[in-house]
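Notes follow once the structure below has been shown.
The values are calculated or read from the model by the stated rules, or taken from the named source; none is laboratory data. Quantities reported herein were computed from a predicted structural model and do not represent experimental measurements. Neighbour counts are summed over all protein chains in view; Cβ atoms, including those assigned to glycine, are modelled from backbone coordinates with ideal geometry.
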Amino acid sequence: MRAGWHARGVSEEGRVNVTPLIDVVMCLIVFYLMVGHLVLQRRGEIDLAETRIGESLPSEGVDPLTISVNADTIEIDGVELDPQRVGSVVAGRLAREPGLGVRVRADRAVTYSAVSPVLSALRDAGVGHVELATRQIGGGE
């Protein structure tokens with residue numbers, strides 16, 4: 001017969017059960033993944049204007065620099081910025097990535113007076129091509 005823990009001089013108090021620790025860590029990982037996903041979804045909520053004309057976005061290729069304009073915020077690739085910094089941030093990205101495309105997504109409730117400074121900053125930064133995102137009446141962006 002095999003000798004047990006007591007016969008070898010090791011007590012039950014000396015053993016560490018890590019199963020509860022692993023369960024807690026896995027729950028935390030799942031929680032943070034879910035919260036991160038919800039934050040990314042919420043950040044991109046813009047009610048785009050609808051149109052019947054335009055081209056659908058290609059599914060592959062390099063993603064353009066995305067500028068989102070809401071009633072009170074301007075975001076570049078999901079990072080909120082002051083309106084005065086838009087030109088310098090875009091110019092810096094263009095210096096690192098020549099030929100980078102720029103897409104402007106503006107909420108339908110935003111007036112042109114809120115979008116115009118962004119377009120002027122893009123022109124001053126040297127952007128040659130700007131895409132204005134809209135939602136096609138029959139489909140996607």
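Observations on the structure shown:
- Test result for residue 78, surrounded by fewer than 16 Cβ atoms within 10 Å (Cβ to Cβ) and not aromatic (Phe, Trp, Tyr): yes
- Output for the range 38-52, where each listed residue is in a helix (DSSP H, G or I) and at pLDDT below 65: 40, 41, 42, 43
Residues are listed down the side, and each one gets a yes or a no for (1) touching a residue at least 12 places away in the same chain (Cβ under 8 Å); (2) at positive phi:
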{"residue": "79", "(1), (2)": "no, no"}
{"residue": "82", "(1), (2)": "no, no"}
{"residue": "87", "(1), (2)": "yes, no"}
{"residue": "99", "(1), (2)": "no, yes"}
{"residue": "110", "(1), (2)": "yes, no"}
{"residue": "115", "(1), (2)": "yes, no"}
{"residue": "119", "(1), (2)": "yes, no"}
{"residue": "122", "(1), (2)": "yes, no"}
{"residue": "129", "(1), (2)": "yes, no"}
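- Scanning the range 83-126 for residues that are polar (S, T, N, Q) and surrounded by 17 or more Cβ atoms within 10 Å (Cβ to Cβ) yields no hits at all.
One line per residue, one yes/no per condition, for (1) in the same structural domain as residue 120 (by TED's automatic domain parsing); (2) at pLDDT below 75; (3) touching a helix residue (DSSP H, G or I) at 6+ places or on another chain (Cβ under 6 Å); (4) in a helix (DSSP H, G or I):
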{"site": "16", "(1), (2), (3), (4)": "no, no, no, no"}
{"site": "21", "(1), (2), (3), (4)": "no, no, no, yes"}
{"site": "35", "(1), (2), (3), (4)": "no, no, no, yes"}
{"site": "54", "(1), (2), (3), (4)": "yes, yes, no, no"}
{"site": "58", "(1), (2), (3), (4)": "yes, yes, no, no"}
{"site": "62", "(1), (2), (3), (4)": "yes, yes, no, no"}
{"site": "80", "(1), (2), (3), (4)": "yes, no, no, no"}
{"site": "84", "(1), (2), (3), (4)": "yes, no, no, yes"}
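- The listed residue being hydrophobic (A, V, I, L, M, F, W, C), farther than 13 Å from residue 68 by Cα and touching a strand residue (DSSP E or B) at 6+ places or on another chain (Cβ under 8 Å), out of 110, 89: 89
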